[in-house]
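A short worksheet on the structure shown next.
The numbers here are math on the coordinates, done by the rules we state, and not lab data. Note that the structure is a prediction, hence the values are computed from the model and not measured. Note that we place each Cβ from the backbone using ideal geometry, even for glycine, and neighbour counts take in every protein chain shown.
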Amino acid sequence: MEKKVHDESKITDSLDKIKHKIVVLSGKGGVGKSTVSANLALSLAEKGYKVGLLDSDIHGPSIPKMLGLEDKKPEPSEVGITPIFALPKLKVMSMAFLIPDKDAPVIWRGPMKMGAIKQLIGDVNWGNLDYLIIDLPPGTGDEPLSIAQLIPDNDGAVIVTTPQDVALVSVRKSINFVKKMNMPVIGIVENMSGFKCPHCGKDIDLFKTGGGVKASNDFKIPFLGKIPIDPQIVETGDSGKTFMTKNKNLETVKSFKKIVENIEEIVNKKEAK
């Protein structure tokens, strides 16, 4: 009982130093949720905010790979585990940093995953942050449930989808999950929305477009913006180079920045109320 109270106290102390907590989730895998999380965190840090990025995917953490931090190891200190800095104002923490063998599977049941997420929040020295971006694994299982229970005062969820109908079946479940957890919905991001041909400049709807807007209208929640398919996102993610900092003039970067502005506006309006 004493340990539980101690854990809860550490989590509360850690969260009290963080102004805004934003959850990024999706109803299914393969929609680019971690890409959105990473670039959202990078964009906020580049704007001068103090940002934390928590990769809460226990079984398939990908944030360290995407940010070129795979070989980094966090150091323990008297005030908690020191997260890894991706930028001077961006701290990152992931289960991937704590696994000795990066190819070893994590074969854990629910209670162990809940314990790990508690440690990633309470035992890590996040310090004073303007934003904590929490990248969740796909679906509505243990990790999203744990985060919803541990951070009940979060600012809300950014839900990532792709335009096709089969993805929207899952995103609707995500929206209903968030509402059942009494979490606000910040809005929907439609990823992989169209592709501009590099030869003729024509826009091609590989996966259709407009699905995110339709879900937004059906559920009466904000639509944050579209991100087109861009091979450079894949290349930079695989190589560990940050997309937002290397390709500032691309249309895709401008799309990300507009989405960040929309999120800032919504979060600040809620804070003002």
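Per-structure values
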{"read-out": "When residues of region 54-70 are limited to those that are part of a helix (DSSP H, G or I) and in contact with a strand residue (DSSP E or B) (Cβ under 8 Å, 6 or more places away or on another chain), the one nearest to Ile134 (Cα to Cα)", "value": "Ile63"}
{"read-out": "Breaking point among (1) acidic (Asp, Glu); (2) without any contact (Cβ under 8 Å) to a residue 24 or more places away in the chain; (3) surrounded by 13 or more Cβ atoms within 10 Å (Cβ to Cβ), for Asp57", "value": "(2)"}
